[in-house]
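Student: Sharing a structure here in structure tokens format.
The values are calculated or read from the model by the stated rules, or taken from the named source; none is laboratory data. Please read these numbers as outputs of a predicted model, since none were measured by experiment. Cβ placement follows ideal geometry from the backbone for every residue including glycine, while neighbour counts extend to all protein chains displayed.
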Amino acid sequence: MDDKIDPLPDAGVNRILGLLEIIDDRGGREDIYRIAHELDYEFGDLLAVVKAAELLGFLTTPGGDALLLPLGKQVIDGDANVKKAIFKRQLEQVALINRIIEFLAQREGRSADKEEILAELSRLLPQEDPEKVFTTLLNWGRYAELFGYDPDEDRFYIDQM
């Protein structure tokens, strides 16, 4: 049986890093509802950021609080290269990312056009909007220097593996 494939939460890298910084500034633990209220975020939007940070192993959410994990603290304390390296390492542990890496590795030039990636995302996550997942996959992958995208050729590719 296939590994369970979870979708990527619709959250940008800057929001994930910003949330970690907020929690760190507050002693490493903060109520999620308080953060949403203070930042004037829709709770659903903040929840996507929290889920993304959890998926990446940067925080956990016991009892409605966001608790910064040691890896999240390393991200906050690291320079840009450290942040990217940790992000990349964590992405490489996400089932969906691994499936896309495998998909690309089987193709000539370790690349595929956007439509092929969208079709694969639709196959792996039939209940999700493949465009949304693609956008998050691309943004996270570019930040971590794991994936690249050439908009002129509409090609998604493995970046320097």
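Student: Any chance segment 63-79 includes a residue that's under 20 Å from Leu146 (Cβ atoms), assigned to a helix (DSSP H, G or I), within 13 Å of the chain's Cα centre (by Cα) and in contact (Cβ under 8 Å) with a residue 24 or more places away in the chain?
Tutor: no
Student: Keeping to segment 80-97, report how many residues are surrounded by fewer than 18 Cβ atoms within 10 Å (Cβ to Cβ), touching a residue at least 60 places away in the same chain (Cβ under 8 Å) and of a type outside the set (A, V, I, L, M).
Tutor: Total meeting the criteria: 1.
Student: Please indicate, with yes or no, whether at least one residue in segment 114-126 is surrounded by 17 or more Cβ atoms within 10 Å (Cβ to Cβ), in contact with a helix residue (DSSP H, G or I) (Cβ under 7 Å, 6 or more places away or on another chain) and either in contact (Cβ under 8 Å) with a residue 60 or more places away in the chain or over 15 Å from Phe156 (Cα atoms) (or both).
Tutor: Yes, segment 114-126 has at least one match.
Student: Does Ala53 satisfy being among the aliphatic types (A, V, I, L, M) and within 11 Å of the chain's Cα centre (by Cα)?
Tutor: Numbers: among the aliphatic types (A, V, I, L, M): yes; within 11 Å of the chain's Cα centre (by Cα): yes.
Spelling it out, Ala53 is indeed among the aliphatic types (A, V, I, L, M) and within 11 Å of the chain's Cα centre (by Cα).
Student: Follow-up. List pairs: first in segment 26-52 and part of a loop (DSSP other than H, G, I, E, B), second buried (at least 18 other Cβ atoms within 10 Å of the Cβ), Cβ under 7 Å, 6+ apart or cross-chain?
Tutor: Here the result reads Gly28/Leu68, each pair linking segment 26-52 to a residue that is buried (at least 18 other Cβ atoms within 10 Å of the Cβ).
Student: Right, Leu68: surrounded by 16 or more Cβ atoms within 10 Å (Cβ to Cβ) and at pLDDT 95 or above or not?
Tutor: Yes.
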